[in-house]
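Student: Starting off with a structure, shown below.
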Amino acid sequence: MNPHAQPAKAGTDFANRVYRVVARIPPGRVATYQAVAEAVGCRSPRAVGAALRRNPHAPSVPCHRVISSSGRVGGFLGSIGPEARRAKMQILLSEGVAFSRDEIVDQACILRRL
């Protein structure tokens, strides 16, 4: 072991608050980036997305359960491409999340407050 090696960063205080909130989203439900932002006292859903792109705790911090306010699945694993969206939808479907239209989560599955 290198005695001069730096310990891995655990993340910023903000990111750790985001991870704690997201870890509480149960299977079969999703929350919006906005709801997570409000739960951690932040005005920026994009900041939540940035923290989740660097999530070192997946899958115990289920970042796939966070979606856009429009109900669309949005990005996954740092990508917004169709393959990433399909992968995210597949995981959500396996957890019991229902979709009302292509890539739109059924409103009954969305937690608006955390």
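Student: Cβ-Cβ under 7 Å, sequence separation 6+ or interchain: first residue in region 44-64 and part of a helix (DSSP H, G or I), partner at pLDDT below 90 and surrounded by 13 or more Cβ atoms within 10 Å (Cβ to Cβ). Which pairs?
Tutor: Close Cβ pairs satisfying both conditions: His64/Phe76.
Student: A follow-up question, please. Considering region 65-112 alone, what residues qualify as being part of a loop (DSSP other than H, G, I, E, B), among the hydrophobic types (A, V, I, L, M, F, W, C), farther than 13 Å from Ile25 by Cα and over 11 Å from the mean Cα position of the chain (by Cα)?
Tutor: Listed by number, the residues that qualify are Ile80, Ala98.
Student: Being part of a loop (DSSP other than H, G, I, E, B), at pLDDT 95 or above and among the basic types (Lys, Arg) is the requirement here; does Arg24 meet it?
Tutor: Answer is yes for this residue.
Student: Then there is this: Here is a list: Val48, Val36, Val66. Which entry is over 22 Å from Ala108 (Cα atoms) and surrounded by 13 or more Cβ atoms within 10 Å (Cβ to Cβ)?
Tutor: The conditions single out Val48.
Student: Which of the residues belonging to region 41-76 are closer than 12 Å to Ala23 by Cβ and either of a type in the set (S, T, N, Q) or modelled with pLDDT of 90 or more (or both)?
Tutor: Leu52, Asn55, His57, Ser60, Val61, Pro62, Cys63, Arg65, Val66
Student: Additional query: Please verify whether Gly11 is at pLDDT 95 or above and either surrounded by fewer than 13 Cβ atoms within 10 Å (Cβ to Cβ) or part of a loop (DSSP other than H, G, I, E, B) (or both), treating the condition exactly as stated.
Tutor: Against the criterion (at pLDDT 95 or above and either surrounded by fewer than 13 Cβ atoms within 10 Å (Cβ to Cβ) or part of a loop (DSSP other than H, G, I, E, B) (or both)), Gly11 does not qualify.
Student: The conditions are (1) free of Cβ contacts under 8 Å to residues at least 12 places away in the same chain; (2) of a type in the set (Asp, Glu); (3) surrounded by 13 or more Cβ atoms within 10 Å (Cβ to Cβ), and Glu83 fails exactly one of them. Which is it?
Tutor: (3)
The values are calculated or read from the model by the stated rules, or taken from the named source; none is laboratory data. Not measured: the values here are computed from a predicted model. Cβ atoms come from the backbone with ideal geometry, glycine included; neighbour counts cover every protein chain shown.
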